[in-house]
Each structure stands twice: as structure tokens, then as C-alpha cells.
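Take a look at the structure below.
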Amino acid sequence: MLEKEPLEAYRKKTLHILEENFAHGMIDVDEYEKRVDIALNTSIEADLVRLTSDLTVIPENSPKQETPGRTAPVQQKQEDTIAGILSSIHRRGEWMPAKKNRILSLLGNVRLDFTKVKLPPGITEIDFFCVMGSLDLVVPEGIKVDISGLPVMGSIDNRIKDPLVPDCPVLKIRGLALMGSVDVKPPRRRRGWSRRFRR
């Protein structure tokens, strides 16, 4: 009987049911995150019962619905600070920047690769302060770059063309490069090498 199960065991089962229903497209991201938040914080078993009362217990190994944006319900932080002080920091792969990012590069290097990042709609802010350091941003197609700043014996370079897609995500980049450099560039394209065979 479910009512005889320990609360933590039932909580774990509830979270599994929510995860499976989300993965199969039965509930959307907002509903999934709302129910998970309740499940993690409640100490009342009746709340756990209500969270899954309208959902289906999906058998294991059932094929999941492949829908863009469904694979990772990642929460975007409001603020984050990344500091490369006499060191090198590299963020790449599937990571999520905050809504407002403060970058400090002091005699170091910070490299942010947005190639596999799914930016949310709207503006993602990057405020940088480079002192004898460098900031490298790798930005793929489909993201608009809005950059301005003050180079003092340094450089700020943007090699990204404005996308033609309307309502695309925007990187708003502002800051100071004091004897430092900021470089915004597209991903490096792999070159195909052809072999020549001689008879």
C-alpha cells in the first residue's frame, strides 16, 4: 500500500513519475518545474499524491518524445561572476549562462563558448573588465551580438554578423579593456582535406 511507504521513498517515486511524464511530453517545462519544486519541499504525503494523480505511470524503456528544448529543463541564474586571475577559465559544451554575467580577466584568460548553449529569448548581459588579460567569446549563428566598450591600450573586436532571424537571442556585451583584449568570433570551421591518388 502506498500509504505505508516511507515519505522519502514515495517522494522518489513521485519525482520519477514526473520525470517520465515530462520526458514523454505529457507535461511542459513550467508544469514540470512547479511540481518538482513542491515534491522536493513538501513533508505531506497528500501533496505527493496530488502531484501525480492526473499523470500516467509510464513503463520503463518506453520511447521518449524528441522535442527541441525538452531534454534539459535547466534553470537560468539571474547573476553570475566568472574571474580569471592569473589563470585560464574555459566554459564550453552544454552550459547555461546567467541572465547577467560579470567577467573579470586579470592577467588571465576567460573563454566562453556558446556553440552548444541554448540561450533563452531576450537579452543575456555580459559586463567585462579585462586588465592585461583576455576575454574570448565564441558565438554561433542565430545569436545577435550588441557590443560596446572602452579599450585603453587594448582592443575590442567583434567578428559576428547580425543574424537575419527575427526575435533571436541577444548577447549584450559592455565593459573596459585596459591593456587587454576582447574577441567575439564565430566557431572555427573544420577544414576537409582531400587526398589525391596518383596512378
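The values are calculated or read from the model by the stated rules, or taken from the named source; none is laboratory data. The shown structure was predicted, so the numbers you read here are calculated from the model rather than taken from an experiment. So basically every Cβ, Gly included, is an ideal-geometry build from the backbone, and we count neighbours across all protein chains shown.
Of all residues in the stretch 30-84 being loosely packed, with under 10 Cβ neighbours inside 10 Å, within 29 Å of the chain's Cα centre (by Cα) and modelled with pLDDT of 85 or more, which is farthest from residue 128 (Cα to Cα)? Out of the qualifying residues, it is 41. Candidates in the stretch 104-135 are the residues that are among the charged types (D, E, K, R) and surrounded by fewer than 17 Cβ atoms within 10 Å (Cβ to Cβ); of these, the one that is farthest from residue 85 (Cα to Cα) is 118. Checking the stretch 152-167 against the condition returns no match, with no residue being within 20 Å of residue 81 (Cα to Cα) and either among the β-branched types (Val, Ile, Thr) or buried (at least 18 other Cβ atoms within 10 Å of the Cβ) (or both).
So that you can scan it fast, the table gives a plain yes or no per residue for (1) in the same structural domain as residue 170 (by TED's automatic domain parsing); (2) within 14 Å of the chain's Cα centre (by Cα); (3) at pLDDT below 95:
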position: 91; (1), (2), (3): yes, yes, yes
position: 96; (1), (2), (3): yes, yes, yes
position: 101; (1), (2), (3): yes, yes, no
position: 116; (1), (2), (3): yes, yes, yes
position: 128; (1), (2), (3): yes, no, no
position: 132; (1), (2), (3): yes, no, no
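If you filter the stretch 136-146 down to residues that are in a loop (DSSP other than H, G, I, E, B) and in contact with a strand residue (DSSP E or B) (Cβ under 7 Å, 6 or more places away or on another chain), you find that the one that is surrounded by the fewest Cβ atoms within 10 Å (Cβ to Cβ) is 143.
Here's a check for you: in the stretch 19-29, which residue that is in a loop (DSSP other than H, G, I, E, B) and of a type outside the set (Gly, Ala, Ser) is surrounded by the fewest Cβ atoms within 10 Å (Cβ to Cβ)?
Checked the stretch 19-29; the qualifying residue surrounded by the fewest Cβ atoms within 10 Å (Cβ to Cβ) is 28.
Return yes or no: is residue 109 at pLDDT 85 or above and within 30 Å of residue 182 (Cα to Cα)? Answer is yes for this residue.
Residue-level analysis places residue 165 among those that are in a loop (DSSP other than H, G, I, E, B) and of a type in the set (Val, Ile, Thr). For the stretch 136-157, filtering for residues that are in contact with a Lys or Arg (Cβ under 9 Å, 6 or more places away or on another chain) and farther than 14 Å from residue 126 by Cα leaves 3. Tell me, which residue of the stretch 1-15 that is surrounded by fewer than 10 Cβ atoms within 10 Å (Cβ to Cβ) and assigned to a helix (DSSP H, G or I) is modelled with the lowest pLDDT? Selected residue: 3.
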